[in-house]
Amino acid sequence: MAQNNNKSLPCATTYHTSKKSELIVCFGELLIDFVPTVGGLSLADAPAFKKAPGGAPANVAVGVARLGGNAAFVGKVGDDEFGYMLVDVIKENRVETRGCRFDVNARTALAFVTLRSDGEREFMFYRNPSADMLFEPKELDVDLIQRANILHYGSISLIVEPSRSTHMEAMAIAREAGCLLSYDPNLRLPLWPSPEAAKKGIKSIWDRADIIKVSDEEVTFLTGGDPSDDKNNLKMFHPRCKLLMVTEGSEGCRYYTPQFKGKVGGLKVQVVDTTGAGDAFCAGILSQIVKDLSIIDDEGRLRSALRFANACGAITTTERGAIPALPDRDTVMRLMDKPNTSHATDADPSWEGYTKWRNRQSNGPPS
């Protein structure tokens with residue numbers, strides 16, 4: 001990662017998001033998360049599991065669509081019941097699925113997610129190999145990627161071939177078409193051969209991204225430093241980067257641009273499950289940036305957009321699973337309009353919106 005301790009950071013290439021249709025294309029994995037119905041137990045002790053659609057890039061695509069944005073997903077699932085179900089779910093949530101492919105030789109990936117008593121997670125994956133790992137460059141929908149304003153991706157597709165080559169090709173197509181590249185490594189150590197391989201793989205495409213979002217834990221893993229130290233975080237900045245964000249869970253996020261840096265506090269909610277919170281944050285901030293890239297150059301407007309993203313992430317932690325918990329814009333605005341108390345409870349008026357939203361969800365995707 002590029003070392004840069006100067007107060008004035010180098011400017012990145014200029015992009016124009018108004019030339020297309022504010023389309024965000026998310027590339028990567030789409031899978032089933034099995035989440036225990038009772039928190040604080042090991043996988044072996046969990047009495048039952050809730051089946052929830054997941055996969056970080058797919059979560060972001062649905063998150064953008066739920067917020068009223070234009071999103072598409074590009075990835076591969078198995079030619080099986082889970083694969084069809086997953087594609088139907090994101091399609092029902094108004095995500096463009098023409099970039100989805102089905103593999104007859106591999107199953108859709110599964111992940112069992114253990115919820116600790118604090119809402120944090122531990123993962124066990126079933127993909128040996130899963131369909132997403134077998135996504136080939138020739139299967140890419142080139143036209144769809146070329147129409148995007150932003151291409152968003154993680155690092156899981158970098159672990160093995162041919163998905164790594166497909167990932168690199170998608171980035172190259174997007175760059176040639178003038179898209180912004182958005183990167184959330186979404187570290188899942190159990191999927192990598194070793195921690196060293198994970199660091200090397202994640203960093204291998206670092207300097208190509210225009211927008212980067214990392215969690216505080218990922219900063220510690222990648223740099224060995226303190227994520228609350230701006231000087232340490234600036235080691236991750238590079239000449240092409242327009243915006244670097246370090247999320248800190250309920251504490252909010254830090255941000256760094258070529259012009260300024262700062263921190264935006266989080267919003268307090270009752271945490272049930274943190275699965276998908278980072279993806280909801282990405283959906284929140286990208287849904288703002290795709291409408292007007294100049295937000296990044298205006299610190300006041302950027303802070304407002306980041307508070308919106310923080311609210312998206314916070315709401316997602318109030319329900320189990322990722323996609324089922326992603327909020328619509330009305331729910332986000334309702335939370336942002338309420339006083340930010342240190343302890344949220346079910347009796348708090350701000351929770352009325354969550355209840356209405358969940359009830360609406362049980363009757364189908366938001367209108």
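Brief remarks follow.
- Ordering of 34-40, 147-153, 232-238 by burial proxy (mean other Cβ atoms within 10 Å per residue, highest first): 147-153, 232-238, 34-40
- Net length available on complete extension from Asp229 to Tyr84 is 47.7 nm, with 0.36 nm assigned per residue and the Cα-Cα distance removed.
- About its Cα centre, the dipole of region 44-169 is roughly 260 debye, where the only charges are +1 on Lys and Arg Cβ and -1 on Asp and Glu Cβ.
- Karplus-derived 3J(HN,Hα) values for region 237-245, using 6.51 cos²θ - 1.76 cosθ + 1.60 with θ = phi - 60°, are 6, 9, x, 7, 5, 9, 8, 10, 10 Hz; glycine and proline are entered as x.
- Length released on extending from Ser165 to Gln259, taking residue separation times 0.36 nm less the Cα-Cα span: 30.4 nm
- Distant-in-sequence amide contacts of Asn70, defined by a placed amide H-H separation under 5 Å and a gap of 5 or more residues or a different chain, comprise Ile24.
- Residues whose placed amide H lies under 5 Å from that of Lys50, excluding near-sequence neighbours: Val35, Thr37
- Relative contact order %, region 31-190, counting alpha carbon pairs below 8 Å whose residues are six or more apart: 21 percent
- Taking all Cα pairs closer than 8 Å and separated by 6 or more residues, the relative contact order of region 142-183 comes to 55 percent.
- log₁₀ of I(q)/I(0) at q = 0.09, 0.12, 0.18 Å⁻¹ - region 170-301, Debye sum with one point per alpha carbon: -0.27, -0.48, -1.12
- Derived scalar couplings between HN and Hα for region 253-262 equal 8, 10, 9, 9, 10, x, 9, 7, 8, x Hz in order, rounded to whole Hz, by the Karplus curve 6.51 cos²θ - 1.76 cosθ + 1.60 (θ = phi - 60°), x for Gly and Pro.
- Across region 167-291, the relative contact order, built from alpha-carbon pairs under 8 Å that are at least six residues apart, equals 17 percent.
- Calculated from backbone phi, Karplus (6.51, -1.76, 1.60) coupling profile of region 227-236 in Hz, x at Gly/Pro: x, 8, 9, 4, 4, 5, 5, 5, 5, 8
- For Arg329 and Ala172, a Förster radius of 51 Å and the Cβ-Cβ distance give a FRET efficiency of 0.95, rounded to the nearest 0.05.
- Using only the C-alpha atoms, the convex hull of region 68-157 corresponds to 134 Å³ per residue.
- Its alpha carbons give region 180-231 an Rg and a Dmax of 11.2, 31 Å.
- Structure note, pairs Lys76/Lys242; Lys199/Lys242; Lys200/Lys235; Lys200/Lys242; Lys231/Lys268: Cα-Cα distances above 20 angstrom occur for Lys76/Lys242; Lys199/Lys242; Lys200/Lys242; Lys231/Lys268.
Computed from the coordinates by the stated procedures, all read-outs in this text should not be read as laboratory data. The shown structure was predicted, so the numbers you read here are calculated from the model rather than taken from an experiment. Using ideal geometry, Cβ is built from the backbone for each residue, glycine included, and neighbour counts are taken over all protein chains shown.
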